[in-house]
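Beneath this line is the structure, given in structure tokens, with notes to follow.
The values are calculated or read from the model by the stated rules, or taken from the named source; none is laboratory data. Quick caveat, the model's predicted, so the values are computed rather than measured. Positions of Cβ are generated from backbone atoms using ideal geometry, with glycine treated the same way; all protein chains shown enter the neighbour counts.
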């Protein structure tokens, strides 16, 4: 069995589990291949963006003898998440609705060492002439009430196929190590089943987020104290 056919059979099985029989029959019969192809395009977009971050990280290492990016994680939304989000927005499931109305099908999380690195790497990416900024939400400067902090970008990037160029959307989340640690633990606590989530717990999590933000501020101050004047100038650090 070819890998392509195997992947499509996996999609068919998942569709059968999440859709009513009539909808599943239509989708399996006419759309499974189209869905697999669209997801392949999103994977190509993820590879393009990941490569850009790896190049920036390498350049930074050569110029300043350190890497601002600690880790890069990527993912594609699962079919059930795509279906649920389209349903939430009031759109029927279709390939065109996925591309037009969902901006986070392809997602990348970039974990940086310091808050200033987040903005340096984000601006370096956005300055590239094949990147188009669609949306920007800065939850670092304006945290959510829960304490969540991250810089979110929705960008559009071209992928080049044998006979066409396609513009694909990718969501990028930039976090520091402290922000990512808090978000990962908050997810485990907040979304655990079979327990009562109280206001006291929410307040404690928000306090933990502020402690993490204070750690970022203190570590950033220490870094500024030890870096060279020329690096400060190059990075626009005061």
Yes or no: residue 173 at pLDDT below 95 and under 22 Å from residue 75 (Cβ atoms)? no
Total residues in the stretch 48-73, condition surrounded by fewer than 18 Cβ atoms within 10 Å (Cβ to Cβ) and in a strand (DSSP E or B): 4
Within the stretch 109-120, does at least one residue satisfy the condition of being without any contact (Cβ under 8 Å) to a residue 12 or more places away in the chain and either farther than 23 Å from residue 61 by Cα or assigned by TED's automatic domain parsing to the domain that holds residue 221 (or both)? no
Do we find that residue 86 is at pLDDT 90 or above, over 23 Å from the mean Cα position of the chain (by Cα) and part of a helix (DSSP H, G or I) in this structure? no
Residues in the stretch 134-160 that are over 27 Å from residue 197 (Cβ atoms) and touching a residue at least 12 places away in the same chain (Cβ under 8 Å): how many? 10
